[in-house]
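Participant: Would you mind keeping the following structure in view while I ask a few things?
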């Protein structure tokens, strides 16, 4: 069974955040969220977030 794929965007504080819906599950773009904190290099925000032990405790 093929799941329906829907792409959309929301505007948060004048920043576009991509949202992808597959079936009944929504996925929010972490890169778009990170651009709010560091528009020049959003990858650094994600790298620091992923290196935090609390992040892995939350995901697990």
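Taken together, the values in this text are just the output of simple stated rules run on the coordinates, not laboratory data. Given the structure is predicted, the values throughout are model-derived calculations rather than measurements. FYI the Cβ positions are ideal-geometry reconstructions off the backbone, even for glycines, and counts take in every protein chain you see.
Participant: Residue 43 versus (1) at positive phi; (2) out of contact with any strand residue (DSSP E or B) (no Cβ under 9 Å at 6 or more places or on another chain): which is the lone unmet condition?
Facilitator: Among (1) at positive phi; (2) out of contact with any strand residue (DSSP E or B) (no Cβ under 9 Å at 6 or more places or on another chain), the lone unmet condition for residue 43 is (1).
Participant: Something else about it: I need the full set of residues from segment 36-54 which are under 19 Å from residue 17 (Cβ atoms) and outside any helix (DSSP H, G or I), in order please.
Facilitator: 38, 39, 40, 41
Participant: Let me ask something additional. With respect to residue 31, is the statement that it is surrounded by 10 or more Cβ atoms within 10 Å (Cβ to Cβ), out of contact with any strand residue (DSSP E or B) (no Cβ under 6 Å at 6 or more places or on another chain) and free of Cβ contacts under 8 Å to residues at least 40 places away in the same chain true? Reasoning before the result, please.
Facilitator: Working: surrounded by 10 or more Cβ atoms within 10 Å (Cβ to Cβ): yes; out of contact with any strand residue (DSSP E or B) (no Cβ under 6 Å at 6 or more places or on another chain): yes; free of Cβ contacts under 8 Å to residues at least 40 places away in the same chain: yes.
Taking the combined requirement at face value, the residue satisfies it.
Participant: Consider segment 1-22. How many of its residues are without any contact (Cβ under 8 Å) to a residue 12 or more places away in the chain and either surrounded by 11 or more Cβ atoms within 10 Å (Cβ to Cβ) or in a strand (DSSP E or B) (or both)? Lay out the reasoning, then the answer.
Facilitator: Of segment 1-22, the ones without any contact (Cβ under 8 Å) to a residue 12 or more places away in the chain are 1-2, 9-11, 14.
Checking which are either surrounded by 11 or more Cβ atoms within 10 Å (Cβ to Cβ) or in a strand (DSSP E or B) (or both) leaves us with 9-11.
Of the residues in that region, 3 qualify.
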